[in-house]
Amino acid sequence: MPLSLAVRAFILILIVLAGGAFFLWVSPSSETPEREPEMIYLYYYNPQKDTDKEGNILCSRGGLVSVTRILPASASEQWEAAVQLLLEGDIYPIEREAGMTTEFPLEGLSLQEAGLENGALVLSFKDLQGKTTGGACRTSVLRFQIEETVLQFPDVHEVLFYPEDVFQP
């Protein structure tokens, strides 16, 4: 006895649903889904955007300019990966032509540890050659670049540098 069209459609739907349920049941699941690469900002300095009426460079946050970079999906902590990218000092030619500068990378400087607790990001650096000292203007701009780069992340509210004399005149 032939089956009606409605019965055949019902059986077909059951087969498709059962196959889908089986696929979901046997497909591997990961406990933590892999993150997608993410666009972030690094902050470089443009002295042309940071002058007073007489043309004197102010060495303030006013000269900071954001550039976009892609944070790899493999980065475990966004703020730590962003600092590492900033320390590489990779300015594209078009950015350099627009007046952006940085003294990064600094020879002998490395980020040793980074930790976030209650909104305070603690960055511990190792400066083998004393490149993070020397002049209030220079050290302020370097410090500002790092601070602005990590303050873009909503869980970071404050930045602490260690040792305490790093990025000091």
Residue within the stretch 102-117 that is surrounded by 17 or more Cβ atoms within 10 Å (Cβ to Cβ) and either more than 26 Å from Pro37 (Cα to Cα) or in contact (Cβ under 8 Å) with a residue 60 or more places away in the chain (or both) present: yes
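Tally up the residues in the stretch 75-95 that are surrounded by fewer than 11 Cβ atoms within 10 Å (Cβ to Cβ) and either in a loop (DSSP other than H, G, I, E, B) or aromatic (Phe, Trp, Tyr) (or both), please. Full working, then the answer.
Restricting attention to the stretch 75-95, the residues satisfying the condition of being surrounded by fewer than 11 Cβ atoms within 10 Å (Cβ to Cβ) are 76, 93-94.
Filter again for either in a loop (DSSP other than H, G, I, E, B) or aromatic (Phe, Trp, Tyr) (or both), leaving 76.
Residues meeting the conditions: 1.
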Filter pass, Glu113 being under 22 Å from Asp50 (Cβ atoms) and under 20 Å from the mean Cα position of the chain (by Cα): no
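Yes/no matrix, rows are residues, columns are (1) modelled with pLDDT under 80; (2) under 16 Å from Gly99 (Cβ atoms); (3) part of a strand (DSSP E or B):
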{"residue": "Ala6", "(1), (2), (3)": "yes, no, no"}
{"residue": "Ile13", "(1), (2), (3)": "yes, no, no"}
{"residue": "Leu17", "(1), (2), (3)": "yes, no, no"}
{"residue": "Leu24", "(1), (2), (3)": "yes, no, no"}
{"residue": "Tyr41", "(1), (2), (3)": "no, no, yes"}
{"residue": "Val65", "(1), (2), (3)": "no, yes, yes"}
{"residue": "Ile70", "(1), (2), (3)": "no, no, yes"}
{"residue": "Ala73", "(1), (2), (3)": "no, no, no"}
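Looking at the stretch 162-169, is at least one residue crowded, with 16+ Cβ neighbours inside 10 Å, out of contact with any Cys (no Cβ under 9 Å at 6 or more places or on another chain) and outside any loop (DSSP other than H, G, I, E, B)?
no
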Qualifying residue in the stretch 126-142 (condition: at pLDDT 95 or above and in a strand (DSSP E or B)): yes
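The values are calculated or read from the model by the stated rules, or taken from the named source; none is laboratory data. Every value quoted in this text rests on a predicted model; they were computed, and no experiment measured them. Neighbour counts run over all protein chains shown; Cβ positions are idealised from the backbone, glycine included.
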